[in-house]
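The values are calculated or read from the model by the stated rules, or taken from the named source; none is laboratory data. All values reported here derive from a predicted model rather than from experimental measurement. As a convention, Cβ positions derive from the backbone with ideal geometry for all residues, glycine included, and neighbour counts pool all protein chains shown.
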Amino acid sequence: MRALRAAAVAAVLSLLGLLVWDLVHQSGPGVATKIDQGKAVPAPLLELPRLNGEGKLSLASLRGKVVVINFWQSTCYPCKLEARDVAEASREWAAKGVVFLGVDAQDLKSAGRAYLEHYKVTYPNVRDAIGKTWTTWGVTGVPETFFIDKRGRVVPPHITGQASRKKIDEGIRRALRS
């Protein structure tokens, strides 16, 4: 019994140490906070396994293009409501060199893939099984949408909640101008 208590205490202390390390090594508030203040900031690193493909996808590989990043989850009702609009926008803006990237956050791989198939999402999607990117990006819930300009900067606006087609188009136009 004593060994079990010692192991439990060691586990709790280890987790506490990890939490403190993570807090100390964060670079201030997430991207969302800065964007909401009207600032353009360099896009953080993002490299995750592809959900609808093999290998990993790195945001850095999309440099030089306007990128729309949409955080979503298969069980999220507002995500389901916006899914077809986002997919349609991705098809229509592709001819102008705009790339959409979905980030399936804290979801099962099978549920995420079923969601993509159901809503006919064909743009690249990555999987963040534990939501690690949420802290860096400042995501507080899903769906959330960000816009990256050709220089690799996340630029306003930042859409929280269901993104309408009008808001998506406005965000893309703004990113193209910056």
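Side notes on the structure shown:
- The requirement of being outside any helix (DSSP H, G or I) and surrounded by 13 or more Cβ atoms within 10 Å (Cβ to Cβ) is fulfilled nowhere in the range 31-38; no residue meets it.
- Among residues of the range 40-56 that are modelled with pLDDT of 95 or more, those with a beta-carbon under 8 Å from a residue that is among the acidic types (D, E) at least six positions away or on a different chain give the pairs A40/D149; L48/D128; L51/D104; K56/E47.
- The one condition from (1) in contact with a strand residue (DSSP E or B) (Cβ under 6 Å, 6 or more places away or on another chain); (2) more than 17 Å from L46 (Cβ to Cβ) that V67 does not meet is (2).
- Checklist (1) within 23 Å of T140 (Cα to Cα); (2) not in a helix (DSSP H, G or I); (3) not aliphatic (A, V, I, L, M) applied to N52, failing item: (1)
- Residue in the range 63-101 that is surrounded by the fewest Cβ atoms within 10 Å (Cβ to Cβ), counting only those that are touching a Pro at 6+ places or on another chain (Cβ under 9 Å) and within 19 Å of G152 (Cβ to Cβ): V99
- Test: residue in the range 85-98 that is at pLDDT 95 or above and not in a helix (DSSP H, G or I): yes
- In the range 76-125, the residues that are of a type in the set (G, A, S) and under 15 Å from the mean Cα position of the chain (by Cα): A83, G102, A105, G112
- Scan of the range 130-160 for residues that are surrounded by 15 or more Cβ atoms within 10 Å (Cβ to Cβ), part of a loop (DSSP other than H, G, I, E, B) and under 14 Å from the mean Cα position of the chain (by Cα), ordered by number: G131, G138, V139, V142, P143
- Of the residues making up the range 145-152, not a single one is under 19 Å from R50 (Cβ atoms) and without any contact (Cβ under 8 Å) to a residue 12 or more places away in the chain.
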